[in-house]
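Structure, as structure tokens:
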Amino acid sequence: LLPDRGGAPHGKYGLRYVKQLWQHKVVSYVLLLGSLALLAVYTITASMRLPPLGSASEVRRFTVTTTRARCNDGSMPVFWWRRARPGFEDKWAVMLEGGGQCSDEKSCSDRSLYMRSSRTCDSTRLLGGIFSQSEGNYIGNFNHVYIHYCSSDGWHGDRTDPWPTSSAGTRFFHGVRVIDAVFETIMDADSPLASSLGVLRPDHTVLFGGFSAGGRGAMVNADRVRRRFNLPRLRAFLDSPYYVHLPNYWLVE
């Protein structure tokens, strides 16, 4: 691309030919592409050095054996768990799964089997977000308990007898009882899970919460659970429960 002594460009693709086609645009495009390439290399290298925030970690399922609590279809409650990292054995994150709720026979029947039963729950699953063990997530070090939502009642139900239906036999609405059964399990030193997960004790710190319907469930159950199980260090974490104390929008009582 350099001119010879006489000022004429070397070869077909000399400087004069390039100027005629693109003038200074070629140089600008080359510099732009080079900058983007360097940025891409830097981004990829940085992402390889740092773990992504919110990356998922594996938890394992445990089935609660109880005669007091059932999913809608009568199957046993389940939760997924992971033991705390060393130094965090006295801290727990107990979260309620979300998933709306039903209000009549049709809306209950229309819910997926997963939301009505524990029969399709996987033995392991990956959980991110607040459960992530990525660098910088302090709660990721805790004992983790994630309670499956299969009662369709917003975690409010405590009906002793199953509800009769015309299409699905009977349904249990045991949201409150499922919560209690899980806390009874993780506080039981004789539980089959105690040697693997550890035992929740009254002097431990508990972050009790949930997501969406689980947030509503934690909202209405947190004080009760704190009193019932003597957990003075229990604190509530409500993620998008959508219960806000505001005046009615249309000013209608």
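For the reader, a short list of remarks on this structure follows.
Here's the yes/no breakdown for (1) without any contact (Cβ under 8 Å) to a residue 24 or more places away in the chain; (2) of a type outside the set (D, E, K, R); (3) assigned to a loop (DSSP other than H, G, I, E, B):
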site	(1), (2), (3)
92	no, yes, no
103	yes, yes, yes
133	no, yes, yes
136	no, yes, yes
140	no, yes, no
150	no, yes, yes
159	yes, no, yes
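- Pairs linking a residue in segment 60-80 that is on the phi > 0 side of the Ramachandran plot to a residue that is open to solvent by less than 40 Å² (accessible area, probe 1.4 Å) and basic (Lys, Arg), with Cβ atoms under 9 Å and 6 or more positions apart or on different chains, are 74/171.
- Counting the residues of segment 177-199 that are touching an Asp or Glu at 6+ places or on another chain (Cβ under 9 Å), within 16 Å of residue 84 (Cβ to Cβ) and assigned to a loop (DSSP other than H, G, I, E, B) gives 2.
- Some residue of segment 109-118 being part of a loop (DSSP other than H, G, I, E, B), closer than 30 Å to residue 201 by Cα and at pLDDT 80 or above: yes
- Annotation note: of 1, 15, the sole residue that is open to solvent by 60 Å² or more (accessible area, probe 1.4 Å), farther than 28 Å from residue 180 by Cα, modelled with pLDDT under 90 and in contact with a helix residue (DSSP H, G or I) (Cβ under 6 Å, 6 or more places away or on another chain) is 1.
- Answer from 85, 68, 61 - the residue that is surrounded by fewer than 21 Cβ atoms within 10 Å (Cβ to Cβ) and not in a loop (DSSP other than H, G, I, E, B): 61
- Among the residues of segment 135-150, just one is of a type in the set (Gly, Ala, Ser) and surrounded by fewer than 18 Cβ atoms within 10 Å (Cβ to Cβ), namely 136.
- Filtered by the rule that a residue be part of a loop (DSSP other than H, G, I, E, B) and open to solvent by 10 Å² or more (accessible area, probe 1.4 Å), segment 200-240 gives 201, 202, 203, 204, 212, 229, 230, 232, 233, 240.
- Qualifying residue in segment 121-134 (condition: open to solvent by 40 Å² or more (accessible area, probe 1.4 Å), more than 15 Å from the chain's Cα centre (by Cα) and farther than 22 Å from residue 192 by Cα): no
The values are calculated or read from the model by the stated rules, or taken from the named source; none is laboratory data. Here the structure is a predicted model, which is why all the values come from computation and not from measurement. Glycine also receives a Cβ, built like all others from the backbone with ideal geometry; neighbour counts cover every protein chain displayed. Note: accessible area is taken over every heavy atom of the protein model, side chains too, but ligands, DNA and RNA are not part of it. Shrake-Rupley method; radii C 1.70, N 1.55, O 1.52, S 1.80 Å.
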